[in-house]
1. Please get the size of the charge dipole for the chain, origin at its Cα centre, with Cβ charges of +1 on Lys and Arg and -1 on Asp and Glu, quoted in debye to the nearest 20.
2. Leaving ligands and nucleic acids out of the surface, order Asp212, Asp360, Asp176 by accessible area at 1.4 Å, largest first.
3. Using the alpha-carbon centroid of each, what span in Å lies between the stretch 217-259 and the stretch 36-60?
4. Where does each of Cys308, Cys316 land when they are ordered by accessible area, with a 1.4 Å probe and the largest first?
5. Roughly to the nearest percent, how much of the accessible area of the chain is carbon and sulfur, given a 1.4 Å probe?
6. Based on DSSP H runs of at least 4 residues, each adding -39500 (n - 2.57), what is the mean residue ellipticity at 222 nm of the chain after dividing by all its residues, to the nearest 500 deg cm²/dmol?
7. Within the stretch 174-321, how many Lys pairs that are eight or more residues apart, or on different chains, come under 16 Å at the alpha-carbon?
8. Which of Gly319, Ser202, Ala288 sits farthest toward the positive end of the charge dipole of the stretch 187-352, with +1 on the Cβ of Lys and Arg and -1 on the Cβ of Asp and Glu?
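The values are calculated or read from the model by the stated rules, or taken from the named source; none is laboratory data. Quick caveat, the model's predicted, so the values are computed rather than measured. Reconstructed Cβ throughout: ideal geometry from the backbone, glycine too, with neighbour counts over all protein chains shown. For the accessible areas, the whole protein counts, side chains as well, though only heavy atoms, and no ligand, DNA or RNA atoms are used. Shrake-Rupley method; radii C 1.70, N 1.55, O 1.52, S 1.80 Å.
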Amino acid sequence: MKIGIVCQATAGGSGIFATELGLALAERGNEVHFISMEAPFRLQKFARNVYSHYVDVINYPLFKLPPYSLALASKISEIAEEYGLEIIHAHYAVPNAVAALLARDMLPEEKRFCLVTTLHGTDITLVGGHSSFYRVTRYAMENSCAVTAVSDWLNKETCREFELSRPVRTIYNFLDGEKFVPRSGNRTALAKPDERIIMHISNFRPVKRVTDVVRVFNKVQEVLPAKLVMVGDGPERMAAAGVAKQLGISDSILYLGNCENIEDILPCADLVIQPSEHESFGLVPLEAMACEIPVIVTASGGVQEVVCQGETGYLCEVGDIETMAFHAIELLSNPEKAHEMGRKGRFHVLKHFQKSAIVDQYEALYHEVSQMREKQIKENGK
Ligand code: GMT
């Protein structure tokens, strides 16, 4: 099929997942066109059947903010027409799905594509729920050919918050189990031989509660030698650094910034911690589990469908520093237990979040919506 993937280019789970999905679809022989502001984070330079198109936004002085959504809509429409795209798969409702709807309406009837919208989390919980975006988010969902959510939790949240007249389907995110594998990483580049490594990976937005990471780490390093490795960047990085300074532990923390080769860094960790306010899925814990690393996450959102309590990691209450630190110390001082949990984690990931099974679900959905559209065209022509 000819498929357009519209996604965020910045380092964030939705763009990363959209990139992995697009590459997987291209490997299966589909023609995949990425449409985004710039090269999506983690998109390789060249891959067979993959094309990239970037949106031009002019910054005319009359505008306080350049209208990116309109330029995106024009680009989607242009590419869909030029390449005869059958499907546009928008990741993140605003502005991607909304722009795709406008793009579809700009095309003549016979050239219109089917729009599949995948909700990733903050597009519903933080952005879509806000009064400035509520109506437009709802409109995008009601007018897509199909809407999917990355967890049952997000599915339910969406239906509750938006009272949609149509069902949302859950399709979990997947992970490439051959890319994320347990192996001995280059630990010496990150810590001394006797230090245990706690890792946090995120885009350092307020929802990630990165200062909790530092506070948990502080309690751990009081008990055993440890290093905190922070991967990623974002608005809360300075807050994390500030708390570390107050606690006098700045020297025990490494900030690596954004890294594309997470699969090389993750295996160096002994434990991954993600103490988010909520997490609609949790790609990072999934990646960690695939590398056989136990995880500590918060029992809030769809991540509860990803991590099994006491089996593949620990789910703690949001903000419960004491319990998170307790489990971190327990795991770091008992490598056998941590290893057993890690092993179960990888097994769980390969069983429930396997790439091929989930790409099958998306392909089946594309075929289903295409057939529905053909049927509709025939009926209209009668
Ligand atoms: O907030 C982020 O971490 C980025 C955000 C995004 O849309 O880029 O991530 C969301 O989508 C990911 C991929 O589906 C999920 O794994 C994350 O759980 C989700 N983030 C939140 O719900 C906070």
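1. Working: 39 positive and 48 negative charges, 59 e Å.
In debye, rounded to 20, the chain gives about 280.
2. Numbers: Asp212 10, Asp360 80, Asp176 40 Å².
So, going from the largest accessible area down, we get Asp360, Asp176, Asp212.
3. Comparing the Cα centres of the stretch 217-259 and the stretch 36-60, I get a distance of 33 Å.
4. Values: Cys308 40, Cys316 5 Å².
From most accessible down to least: Cys308, Cys316.
5. On the way: 8660 of 17020 Å².
Heavy-atom surface of the chain belonging to carbon and sulfur, 1.4 Å probe: 51 percent.
6. -13000 deg cm²/dmol
7. On the way: Lys192/Lys227; Lys219/Lys227; Lys219/Lys245; Lys227/Lys245.
For the stretch 174-321, the number of qualifying lysine pairs is 4.
8. Ser202
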